[in-house]
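Okay, structure first, notes after.
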Amino acid sequence: MFQLRDLPSSESESMTPSEIMLNLMQEDISLKDAMRAARKQRKAMGPIFVDLVTRLGYQSTREMDQLEVNALVPVLFLLAEWREPFAYRPTIRVLSRPIPIVERLFGDHAIDSGGYRILASTFDGDLEPLCEAACNPHADEYVRGTFMSALVLVSLAHPEKRNEVEGFFRQFRTLCPEAPGDVMIPWMNCIAELGLEDMAENVRDAIHKEVIPHDYTDFARFEASLRETIDGNGVPTGGRYRQFLVSDAISDLIN
């Protein structure tokens, strides 16, 4: 999808914000060059990008311009690279939209490593929107898992938020007693990734009652993952957090 023709360097360096936006929307222009050009005009492009994400968070599918949809994912990666806090809440909103809209806007990016890394990279200091999104029964079940993973990554990037994040996962079954199995699975994984030893019996109970599908895991496997985090001083040893926050949007998205 992203193996596209390159622009001459002089063209990418002299693009106006409008031209950058237009090139991000096209499928026959080098996405890499358009993103590089956006980097050079970060101050101008940041508000334009946030406005795009905000707009797509409210529009119906009929109102959406497919060209703007094309630009959404690279725009979000750039906002994440720039640590743009004004993108945090609009991104949560757009990911919380009904499943058909999320699928149209993001494809696989809503639930792959991009989603939670973008959210943690744009985190504005307030956990409440992310916690509310993880509890939203109308959001896609797998995206709710993305919100949970974002909370874990936020706790790693912002240790001062660790207690608040842990408290959310300890209270989750009370907050969301009807959460389906596809939401309880990431809840369990996050418990292990945070090293919450005091929650082990709570997880055992959820597995025993098949709140967590028994064919997905068993308690011994969960306990082993939990122990790995504890032995790692509270840092998950699994590979999905090794990329950490988005630092190079082009490399993360294209290479």
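Normalised by the number of residues in the chain, the average gap of Cα pairs under 8 Å and 6 or more apart makes the relative contact order 17 percent. Per-residue Karplus couplings for segment 216-223, computed as 6.51 cos²θ - 1.76 cosθ + 1.60 with θ equal to phi - 60°, are listed in order as 8, 7, 10, 5, 4, 5, 4, 4 Hz, Gly and Pro entered as x.
Against the empirical 2.2 N^0.38 Å (N residues), segment 112-189 has a Cα radius of gyration ratio of 0.99.
Rounded to the nearest Hz, the phi-derived 3J(HN,Hα) couplings of segment 46-53 under the Karplus curve 6.51 cos²θ - 1.76 cosθ + 1.60 (θ = phi - 60°) are x, x, 5, 5, 4, 4, 4, 4, where x marks glycine and proline. Against the empirical curve 2.2 N^0.38 Å, the C-alpha radius of gyration of segment 12-89 lands at a ratio of 1.03. Taking label points 7 Å from Cα along the Cα-to-Cβ direction, residue 22 and residue 51 give a separation of 1.6 nm.
Remark: spin-label model distance residue 163-residue 93 equals 3.2 nm, labels positioned 7 Å along the Cα→Cβ axis. Using DSSP to define loop residues, name the trypsin sites (Lys or Arg not before Pro) in segment 197-238 whose beta-carbon has at most 15 other beta-carbon atoms within 10 Å. Listed in order of number, the matching sites are 209. Under 13 Å from the 7 Å Cα→Cβ point of residue 104, by amide nitrogen: which residues of segment 63-87? Label zone hits: 63-70.
Of the GluC sites (Glu not before Pro) found in segment 32-96, those that fall in a DSSP loop while having at most 10 other beta-carbon atoms within 10 Å are 63.
Each residue, residue 214 and residue 228, gets one label point 7 Å from its Cα in the Cβ direction; the gap between the two is 2.5 nm. Mind running the shape call on segment 34-161? Use the C-alpha gyration tensor, a ≥ b ≥ c as the square roots of the eigenvalues: rounded below 1.5 for a/c, prolate if a/b tops b/c, oblate otherwise. Note, shape of segment 34-161 comes out oblate.
Per-residue ellipticity at 222 nm, computed for the chain from helices alone with -39500 (n - 2.57) per DSSP H run of at least four residues, works out to -18500 deg cm²/dmol. Rounded to whole numbers, the Karplus 3J(HN,Hα) couplings from phi for segment 65-71 are 8, 4, 5, 5, 4, 4, 7 Hz, using 6.51 cos²θ - 1.76 cosθ + 1.60 with θ = phi - 60°, and x at Gly and Pro.
No lab work stands behind these numbers, since they all come straight from the coordinates. The model shown is predicted, which means the values in this text are computed figures rather than measured ones. Reconstructed Cβ throughout: ideal geometry from the backbone, glycine too, with neighbour counts over all protein chains shown.
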